[in-house]
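What follows is a single structure, written as structure tokens, with notes after it.
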2 protein chains.
Amino acid sequence: MRLFPVVMAGGSGTRFWPLSRKDRPKQFLPLDGDEPLLVATVARLPPLARIQSTYVVCGPNHAAAVRRMLPQLPRENLLVEPCPRNTAPCVGLAALHVRRRDPRGVMAMLPADHHVARPAAFRQALAAGARLAAGGAIATIGIRPDRPETGYGYLKVGARLRAAGKGRSAFHPARVERFVEKPDLVTASRYLAEGGYLWNSGIFLFRADVILEEIRGAMPVLREQLDVIDASIGTPRYARTLRRVFPAAPSVSIDYGVMEKSQRIAVVPADFGWSDVGSFAALAEVREHDDLGNVRQGEAVVVDGHDNVVLAHGSRPVAVVGVDGVVVVDAGDAVLVVKKDKAQDVRKAVEEMRRIGREDLL
Amino acid sequence: MRLFPVVMAGGSGTRFWPLSRKDRPKQFLPLDGDEPLLVATVARLPPLARIQSTYVVCGPNHAAAVRRMLPQLPRENLLVEPCPRNTAPCVGLAALHVRRRDPRGVMAMLPADHHVARPAAFRQALAAGARLAAGGAIATIGIRPDRPETGYGYLKVGARLRAAGKGRSAFHPARVERFVEKPDLVTASRYLAEGGYLWNSGIFLFRADVILEEIRGAMPVLREQLDVIDASIGTPRYARTLRRVFPAAPSVSIDYGVMEKSQRIAVVPADFGWSDVGSFAALAEVREHDDLGNVRQGEAVVVDGHDNVVLAHGSRPVAVVGVDGVVVVDAGDAVLVVKKDKAQDVRKAVEEMRRIGREDLL
């Protein structure tokens, strides 16, 4: 069984403005440490998978930057989507390329912008998922919740499966009874109390031939488009064909388009210190903080305050006095102050920047 | 009667860091509008007093900047204290200079860093105080309180005085029964409810000969030092004598050293939109704000927030989202976020800057 990680780096988004910009999306930012989330995502794969087997999917505006950040990545392993079309076409495109190298090759779909505290445990979970996938399953990684998080989707765990492979795994794969949307706090608390619910990490594993078969059943139009693209791979027509066909693909997530309808979904429950780093508030989970819960970067100073996230820039200090639960971000050319529990509303600041004519900062 | 305003611009202080610095004290900042508080203080005096009759007292490090800001001020009207010695020696030094021009000249001691919303009403109050002072009184301007402010000292009003001068004044001067320290909220509320208490504005008027006589009685050591300085005025020895004698003067406020012991204190109750602009929180009183109480300067944006003070710098926007009652100041080379009701604690941020070795920002 050969494993082909596919790192999905096509995201844009505004939840990390003013750090993130059109040219500098979240996955390019060193949000959880010293290196960009994308680089960390690729770096934590060996020895489970080599860079020669690793694919990265991104948009045309980010391709040059990705090549600079990942100089070891083979040129043909960077798949450039002509435009964003959510994850289903992305998965399909990657499956075409992987199938040419190994029809039964196992793909591990990995968002480029997540945090993993314990990479070894992460690789073990991925290996367990890969064994399931090699047997024909569509495997997901489910994270054991440690709090009633309302920012994640959940998986309701079904009947236990016999572990694939040599049976020496600490993981207990199970069927997925259903996918659950982001719950409210009461519901999330119930999930936590009842047990049997896992966070949907957005990490999926499947064989290239299996997922293309599933797409044929669930998304026949996409499958036809993929077939057209497939016929051009390796020919001089490829780039032109991709530019023509891909934008016409349905903009649908793989979760919604395929997974939630599939009968072959299995889940590997795992626990490797995962976060999707969904907003500035999440930095409190993925970064070191002081005894009072303050995350500080650069010349950031907090006096009489707790549970703040304070990111200074260059040699310009940021001093926070008498304030709790606030995010302060100096990006050099713009400053943001947002209440931590309103961190999702950063997009409103982005809208205001547009309104006052500061598109140059977006 | 000739009036000689004496603008006291010797203050330093850290309550407006990071806007204020050693070289750029509060009175140099345009905190309430377009011009520095010092410039506004001098500009609101005509036609009551001309610039030729106006004195400014400051420290040696600020003299060049004061001359630049007040090009019309006669060179000999800038009195440079060799070192800060609080207000009693400052008043004494100014009195020596004024007495040489007119022994019965009335001095109006004016802090350089206050806000006045209604300059015409201010000048009327000052004129009423000057009439009292011309008759030998030590006059203070008392501000009618409109809220139970705990940040100001109070004056307990005593028996009413007959108005000096032509009796056409709308002001009703009175004796001062006593000076009251900054009260707690309960006490301040009682003062407001009872009436008969005024805010101590720190604005005093007296004849030069009268205040020097009072200093002789209450602070005999200072008076001897002033006599030594006086003998050198107009001679080549003046600067050297001042540098030798002034630093030895007692560092005492005129309030404590003279006023509170004097039997000649009278107060002019007035109401001209006064604020001592004691901290960033006071900017909400002295600046325009939007319907939600947000004071904004430059490219400052507030989303879902009220009662904030947001000061942006240059072309760098500051966006505030979901936060109430916070002060955000970008000074270009440092950023401060402080809860409005903790605005007095800005000095703690200054101490932290010192601790992390950023004296260059102080």
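The values are calculated or read from the model by the stated rules, or taken from the named source; none is laboratory data. Fair warning: this is a prediction, and the values are worked out from it, not measured in the lab. FYI the Cβ positions are ideal-geometry reconstructions off the backbone, even for glycines, and counts take in every protein chain you see. Protein only, heavy atoms only, side chains kept; ligands, DNA and RNA dropped before computing areas. Shrake-Rupley method; radii C 1.70, N 1.55, O 1.52, S 1.80 Å.
As an exercise: evaluate B:Phe179 against (1) hydrophobic (A, V, I, L, M, F, W, C); (2) in contact (Cβ under 8 Å) with a residue 60 or more places away in the chain; (3) closer than 17 Å to B:Asp146 by Cβ and give the number of the one condition it does not meet.
For B:Phe179, the failing item is (3).
Which one of the conditions (1) within 13 Å of chain A (Cβ to nearest Cβ); (2) among the aliphatic types (A, V, I, L, M); (3) assigned to a strand (DSSP E or B) does B:Val267 fail to meet, given that it meets all the rest?
Only one criterion in (1) within 13 Å of chain A (Cβ to nearest Cβ); (2) among the aliphatic types (A, V, I, L, M); (3) assigned to a strand (DSSP E or B) is unmet by B:Val267, namely (1).
Can you tell me which residues in segment B:167-192 are among the small types (Gly, Ala, Ser) and modelled with pLDDT of 95 or more?
B:Ala188, B:Ser189
Hey, B:Gln344 hits all of (1) without any contact (Cβ under 8 Å) to a residue 24 or more places away in the chain; (2) open to solvent by 10 Å² or more (accessible area, probe 1.4 Å) but one; which does it fall short on?
B:Gln344 satisfies all of (1) without any contact (Cβ under 8 Å) to a residue 24 or more places away in the chain; (2) open to solvent by 10 Å² or more (accessible area, probe 1.4 Å) except (1).
Could you give me the residue pairs with C-beta distances under 8 Å whose first residue belongs to segment A:185-202 and is touching a residue at least 12 places away in the same chain (Cβ under 8 Å) and on the phi > 0 side of the Ramachandran plot, whose second residue is among the charged types (D, E, K, R) and open to solvent by 20 Å² or more (accessible area, probe 1.4 Å) wherever it lies, and which are 6+ apart or on separate chains?
Close Cβ pairs satisfying both conditions: A:Gly196/A:Lys156; A:Gly202/A:Asp255; A:Gly202/A:Asp276.
For segment A:1-11, what are the residues that are outside any loop (DSSP other than H, G, I, E, B) and not β-branched (Val, Ile, Thr)?
If the condition is that a residue be outside any loop (DSSP other than H, G, I, E, B) and not β-branched (Val, Ile, Thr), then A:Leu3, A:Phe4, A:Pro5, A:Met8 are the ones that fit.
Within segment A:120-127, identify whether any single residue is more than 28 Å from A:Ala284 (Cβ to Cβ) and either open to solvent by 50 Å² or more (accessible area, probe 1.4 Å) or among the hydrophobic types (A, V, I, L, M, F, W, C) (or both), and answer yes or no.
Looking for residues that are more than 28 Å from A:Ala284 (Cβ to Cβ) and either open to solvent by 50 Å² or more (accessible area, probe 1.4 Å) or among the hydrophobic types (A, V, I, L, M, F, W, C) (or both), one finds at least one in segment A:120-127, hence yes.
Could you list all residues from segment B:214-250 that are β-branched (Val, Ile, Thr), in contact (Cβ under 8 Å) with a residue 24 or more places away in the chain and open to solvent by 30 Å² or more (accessible area, probe 1.4 Å)?
Passing the criteria: only B:Val221.
I need the full set of residues from segment A:339-362 which are more than 8 Å from chain B (Cβ to nearest Cβ), more than 24 Å from the chain's Cα centre (by Cα) and in a loop (DSSP other than H, G, I, E, B), in order please.
Selection gives A:Gly357 alone.
Which numbered condition trips up B:Val326, out of (1) in contact with a Phe, Trp or Tyr (Cβ under 8 Å, 6 or more places away or on another chain); (2) open to solvent by less than 20 Å² (accessible area, probe 1.4 Å)?
Only one criterion in (1) in contact with a Phe, Trp or Tyr (Cβ under 8 Å, 6 or more places away or on another chain); (2) open to solvent by less than 20 Å² (accessible area, probe 1.4 Å) is unmet by B:Val326, namely (1).
Restricting attention to segment B:32-49, does a residue exist that is open to solvent by 30 Å² or more (accessible area, probe 1.4 Å), in contact with a Phe, Trp or Tyr (Cβ under 8 Å, 6 or more places away or on another chain) and at pLDDT below 95?
Looking for residues that are open to solvent by 30 Å² or more (accessible area, probe 1.4 Å), in contact with a Phe, Trp or Tyr (Cβ under 8 Å, 6 or more places away or on another chain) and at pLDDT below 95, one finds none in segment B:32-49, hence no.
Check segment A:281-297 and report whether any residue there is hydrophobic (A, V, I, L, M, F, W, C), open to solvent by 40 Å² or more (accessible area, probe 1.4 Å) and either modelled with pLDDT of 95 or more or assigned to a helix (DSSP H, G or I) (or both).
Looking through segment A:281-297, at least one residue is hydrophobic (A, V, I, L, M, F, W, C), open to solvent by 40 Å² or more (accessible area, probe 1.4 Å) and either modelled with pLDDT of 95 or more or assigned to a helix (DSSP H, G or I) (or both).
How many residues, within segment A:50-60, are among the hydrophobic types (A, V, I, L, M, F, W, C) and open to solvent by 20 Å² or more (accessible area, probe 1.4 Å)?
Count: 1.
I'd like to know if segment A:10-30 contains one or more residues that are within 27 Å of A:Ser262 (Cα to Cα) and open to solvent by less than 10 Å² (accessible area, probe 1.4 Å).
no
If a residue must be out of contact with any Ser or Thr (no Cβ under 8 Å at 6 or more places or on another chain) and more than 14 Å from every other protein chain (Cβ to nearest Cβ), how many such residues does segment B:271-291 contain?
Going through segment B:271-291 one residue at a time, the tally reaches 12.
Considering each residue of segment A:7-19, count those that are more than 25 Å from A:Phe204 (Cβ to Cβ) and at pLDDT 95 or above, and give that number.
Qualifying residue count for the region: 3.
Of the residues B:Arg100, B:Arg131, B:Arg104, only one is touching an Asp or Glu at 6+ places or on another chain (Cβ under 7 Å), within 18 Å of B:Val210 (Cα to Cα) and either open to solvent by 30 Å² or more (accessible area, probe 1.4 Å) or β-branched (Val, Ile, Thr) (or both); which?
Sole residue among the options that is touching an Asp or Glu at 6+ places or on another chain (Cβ under 7 Å), within 18 Å of B:Val210 (Cα to Cα) and either open to solvent by 30 Å² or more (accessible area, probe 1.4 Å) or β-branched (Val, Ile, Thr) (or both): B:Arg104.
Given the conditions (1) farther than 14 Å from B:Leu31 by Cβ; (2) within 14 Å of another protein chain (Cβ to nearest Cβ); (3) surrounded by 20 or more Cβ atoms within 10 Å (Cβ to Cβ), and given that B:Val309 satisfies all but one, which numbered condition is not satisfied?
The failed condition is (1).
Out of curiosity, is A:Leu93 modelled with pLDDT of 95 or more, crowded, with 18+ Cβ neighbours inside 10 Å and more than 26 Å from A:Pro183 (Cβ to Cβ)?
Judged against the criteria, A:Leu93 is a match.
On the basis of being open to solvent by 50 Å² or more (accessible area, probe 1.4 Å) and touching a residue at least 24 places away in the same chain (Cβ under 8 Å), does A:Lys156 make the cut?
It is false that A:Lys156 is open to solvent by 50 Å² or more (accessible area, probe 1.4 Å) and touching a residue at least 24 places away in the same chain (Cβ under 8 Å).
Of everything in segment B:319-329, what is among the acidic types (Asp, Glu) and assigned to a strand (DSSP E or B)? Give them in sequence order.
None - no residue of segment B:319-329 is among the acidic types (Asp, Glu) and assigned to a strand (DSSP E or B), so the list stays empty.
Would it be correct to say that A:Ser253 is within 30 Å of A:Leu132 (Cα to Cα), in contact with a Ser or Thr (Cβ under 8 Å, 6 or more places away or on another chain) and at pLDDT below 95?
In short, yes.
Only one of these conditions is not met by B:Pro317: (1) closer than 16 Å to A:Val303 by Cα; (2) facing another protein chain (nearest Cβ under 8 Å); (3) of a type outside the set (A, V, I, L, M, F, W, C). Which number is it?
Of everything listed in (1) closer than 16 Å to A:Val303 by Cα; (2) facing another protein chain (nearest Cβ under 8 Å); (3) of a type outside the set (A, V, I, L, M, F, W, C), B:Pro317 misses just condition (1).
Please name all residue pairs, on different chains or six or more residues apart, with Cβ atoms under 8 Å, provided the first residue is in segment A:323-338 and is more than 8 Å from chain B (Cβ to nearest Cβ) and closer than 17 Å to B:Ala334 by Cα and the second residue is charged (D, E, K, R) and surrounded by 24 or more Cβ atoms within 10 Å (Cβ to Cβ).
Short answer, once both residue conditions are applied: none.
Considering A:Asp304, A:Asp255, which residue is within 25 Å of A:Leu205 (Cα to Cα) and in contact with a Gly (Cβ under 8 Å, 6 or more places away or on another chain)?
Criteria check complete, one pass: A:Asp255.
Tell me the residue from B:Gly332, B:Gly278 that is part of a loop (DSSP other than H, G, I, E, B) and at pLDDT below 95, please.
Among B:Gly332, B:Gly278, only B:Gly278 is part of a loop (DSSP other than H, G, I, E, B) and at pLDDT below 95.
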